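See below for the structure under consideration.
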Amino acid sequence: MSEVTAIPSLDLKRYLGRWYEIARLPLRFEDDAATDITAHYSVNSNGKILVDNRCFDKNDRPKQAIGEARPIDETNAKLKVNFLPAALRWLPFTDGDYWVLKIDPKYRVALVGTPDRKFLWVLARESAISDSTLEDYLAEARRQGFDLTKLIRPRHTGREVSDAILKK
């Protein structure tokens with residue numbers, strides 16, 4: 001099987017902002033029944049990318065995971081991300097891969113995966129996309145060798161995990 005390939009280049013400034021999780025492969029650290037999953041990317045004070053993931057878990061409790069990402073080459077399409085507490089991010093072998101495998105020209109829909117094919121996400125700027133668009137992105141995942149038999153499509157109910165909700 002051929003290697004997983006990222007897009008030739010990613011404009012990080014255009015990639016920043018809020019994304020909704022449309023589909024994913026299972027993650028041990030994310031509830032399979034989680035809803036209203038978002039990821040917000042911004043540049044933090046040290047120039048790295050702040051990753052702020054939020055959702056409601058299966059018990060309807062708000063959850064947040066904060067991480068930090070950095071490009072590993074000049075394409076910016078291959079990143080390393082770390083969700084350990086800031087004081088522990090220096091530990092070796094704790095960074096995860098985050099490769100952008102497909103993105104539309106307007107930066108509205110993205111396919112993100114890992115080179116070992118264990119993790120995959122379809123992200124969009126809106127909480128829903130057409131079935132044909134989703135199938136187009138999943139077809140690219142299949143082409144790159146991802147097994148989609150356990151694909152999860154989280155529900156979006158219109159709610160959002162706000163800063164105020166997290167402070168409660």
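We did not get these values from a lab; they are worked out from the coordinates using the rules stated. The structure displayed is predicted, hence computed values, not measured ones. A quick note on method: Cβ atoms are made from the backbone with ideal geometry, for glycine too, and the neighbour counts reach across all protein chains shown.
At an R0 of 41 angstrom, the distance between the Cβ atoms of A139 and S162 translates into a FRET efficiency of 0.70. Dipole of the chain computed with +1 at Lys/Arg Cβ and -1 at Asp/Glu Cβ about the Cα centre; of A34, W121, L12, farthest Cα towards the positive end is A34.
For the chain, a simple Cβ point-charge model (Lys and Arg +1, Asp and Glu -1, everything else neutral) yields a dipole of about 320 debye relative to the Cα centre.
Using θ = phi - 60° in the Karplus curve 6.51 cos²θ - 1.76 cosθ + 1.60, the 3J(HN,Hα) couplings for the range 18-25 round to 8, 10, 9, 7, 8, 7, 7, 8 Hz; x is entered for Gly and Pro.
Of all lysines in the structure, those lying under 19 Å Cα to Cα from K80, and not within fewer than 8 positions of it along the same chain, are K13, K48, K102, K118. Peptide packing for 112-125, 132-145 was compared via the average number of neighbouring C-beta atoms within 10 Å per residue; ordered from the highest value, the list is 112-125, 132-145. Among 42-52, 96-106, sorting by the average number of other beta carbon atoms lying within 10 angstrom of each residue, highest first, gives 96-106, 42-52.
Relative contact order for the chain: 29 percent, from Cα pairs under 8 Å spaced at least 6 residues apart, divided by residue count. Summing Lys, Arg as +1 and Asp, Glu as -1, what charge do residues with Cβ under 13 Å from the Cβ of L79 carry, L79 excluded? Result for the local shell: -1. Quick one: if the Förster radius is 22 Å, what FRET efficiency do V43 and I7 give, using the C-beta to C-beta distance and rounding to 0.05? That pair, V43 with I7, gives E of 0.60.
Here's the list of lysines a cross-link from K167 could span, going by alpha-carbon distance under 17 Å and ignoring same-chain residues fewer than 8 apart: K63. The distance linking the range 1-56 with the range 91-156 is 9 Å (Cα centroid to Cα centroid, whole angstrom).
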